[in-house]
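Remarks on the structure that follows.
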Ligand SMILES: *Cc1c(COP(=O)(O)O)cnc(C)c1O
């Protein structure tokens, strides 16, 4: 089907939530490349917004999926699910979490994390119900997560918002202290804000945040939906900050393209959920958790955290060496990269890179977001940098 036909079909039938999309549709992928039906190839340095950590059609990954597909897709969490138990173990063995619950998306995992923090205090008869998050954050699109997300553009049409959420500027301890009340039950933050353009927590801020939460009996939740699963060169970004959250959430890369989210909690707070307190039909089904297990296997076997660290550094150094006058700052954490430019430049570059058959993202016209699959190699980074230099001339 020609792209013009697909666009026409979409406009006629699909809700207009995405507006005029980038005018391309892909038929298949291989490694860090995507291919249209006509066989045109694109270098994918956006990885489905940090989902396709293993790139596309990774052989061992698709084999594991096929194997599970032929056996069983879904049963129900009213029965025990082997892959669910195994994937939960994989996460607890590799993180500060003691218990895991599976959802189907990032927003849904964050919802469950906030519910867990609330019920933890509810069961102690404590009137702690409120959640503090950061401005410019992004936590998803459900009603409660729209309230959690510190960006008015996502909230305005949906008033009244879920009550109990307030927002403070990032890396401002005084503002945070001022916002904390006796009713604060949780502070929810991204270790590195992704959607708003790669803005990290400072290490000193993260440390103070942890201390404040301990001091004031507040649950610290890290939204690692985007930063988790090796993206930053660490399996989880909290390891980079040197601070352990009480709860962290995962989604995007966890299923390598199969929808799955996770709430990962320390024992003391995990105890808040008892039978009947939370649930979902699909969460952690045999297929989604098989995908998660295969993602863990491949990240370990192919040393993808290390690769993300090395390749991210390589990419940032090569971009720096171009000495492009439009670039103001390069924020690079493994393969989570934001290139801040003069106003408008990033948007122009994204467009022009697309014409050069390279896929990246941009924020507010001035931050180029580069999120290659974690399997990326030097040669492909060289290709990206060459195209960027042609584009930015
Ligand atoms: C993408 C994202 C979400 C939302 O995940 P969905 O699967 O789209 O619901 C939440 N938090 C962060 C940090 C994200 O990057």
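Coordinate-derived values only; no laboratory data. All values derive from a computational prediction rather than experimental measurement. Note that we place each Cβ from the backbone using ideal geometry, even for glycine, and neighbour counts take in every protein chain shown.
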At q = 0.10 Å⁻¹, what base-10 log of I(q)/I(0) does the Debye formula yield for the chain when every alpha carbon is treated as an equal point scatterer in vacuo?
-0.67
Listed residues 126, 118, 266; largest mean-square fluctuation, Gaussian network over the chain with Cα springs below 10 Å, found at 126
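Want the number for residue 35 to residue 268: 0.36 nm per residue separation, take away the alpha-carbon distance, what's left? Numbers along the way, then the final one.
On the way: separation 233, 0.36 × 233 = 83.88 nm, distance 4.78 nm.
Contour length minus Cα-Cα distance gives 79.1 nm.
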Could you line up 336, 203, 240, 229 from fewest to most neighbouring Cβ atoms inside 10 Å?
203, 240, 336, 229
Nitroxide proxy distance, nm - points 7 Å out along Cα→Cβ at residue 122 and residue 26
4.1
Given the stretch 259-393 reduced to its alpha-carbon atoms as identical point scatterers, what log10 I(q)/I(0) does the Debye formula return at q = 0.09, 0.22 Å⁻¹?
-0.41, -1.24
Which residue, 181, 249, 17, tops the fluctuation ranking in a GNM of the chain built on C-alpha contacts under 10 Å?
17
Given springs between every Cα pair under 10 Å in a Gaussian network model of the chain, which of 135, 369, 231 has the largest fluctuation?
135
State, in angstrom, two size descriptors of the stretch 272-325 derived from its alpha carbons: Rg to one decimal place and Dmax to the nearest whole number.
19.9, 58
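If r is the Cβ-Cβ distance from residue 59 to residue 16 and R0 is 25 Å, what FRET efficiency results, to the nearest 0.05?
0.10
Normalised by the number of residues in the stretch 257-393, what is the relative contact order in percent for Cα pairs under 8 Å and 6+ residues apart?
Details: 151 pairs, mean separation 26.8, N = 137.
After rounding, I find 20 percent.
If r is the Cβ-Cβ distance from residue 351 to residue 300 and R0 is 30 Å, what FRET efficiency results, to the nearest 0.05? If you can, show how the numbers build up before the last one.
Values: r = 38 Å, r/R0 = 1.26.
Plugging the Cβ-Cβ distance into 1/(1 + (r/R0)^6) gives 0.20.
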Percent of C-alpha pairs per 5 Å bin, the stretch 1-128, short to long:
2, 7, 10, 12, 16, 15, 13, 10, 8, 4, 2, 1, 0
Please give, to one decimal in nm, the separation of the simple spin-label points placed at residue 208 and residue 153, each 7 Å out from Cα toward the Cβ.
2.9
At 0.36 nm per residue, and after removing the present C-alpha to C-alpha distance, how many nm does the segment from residue 321 to residue 80 gain when stretched out fully?
81.4 nm
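Would you please classify the overall shape of the stretch 157-237 from the alpha carbon gyration tensor, given that a ≥ b ≥ c denote the square roots of the eigenvalues, rounded means a/c under 1.5, and beyond that prolate means a/b larger than b/c while oblate covers the rest? If you can, show how the numbers build up before the last one.
Details: a/c = 1.84, a/b = 1.25, b/c = 1.47.
Here the stretch 157-237 falls in the oblate category.
With a Förster radius of 22 Å, plug the Cβ-Cβ distance of residue 141 and residue 277 into 1/(1 + (r/R0)^6) and report the FRET value to the nearest 0.05. Don't skip to the end; give the middle numbers.
Details: r = 24 Å, r/R0 = 1.07.
My answer for the efficiency is 0.40.
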Working only with C-alpha atoms, what are the Rg and Dmax values of the stretch 55-127, expressed in angstrom?
16.4, 52
For the stretch 96-208, just list the percent of Cα-Cα distances falling in each 5 Å bin from zero outward, please.
2, 11, 20, 23, 23, 15, 5, 1
With the contact rule set at Cα under 8 Å and sequence spacing of 6 or more, what percent relative contact order holds for the chain?
21
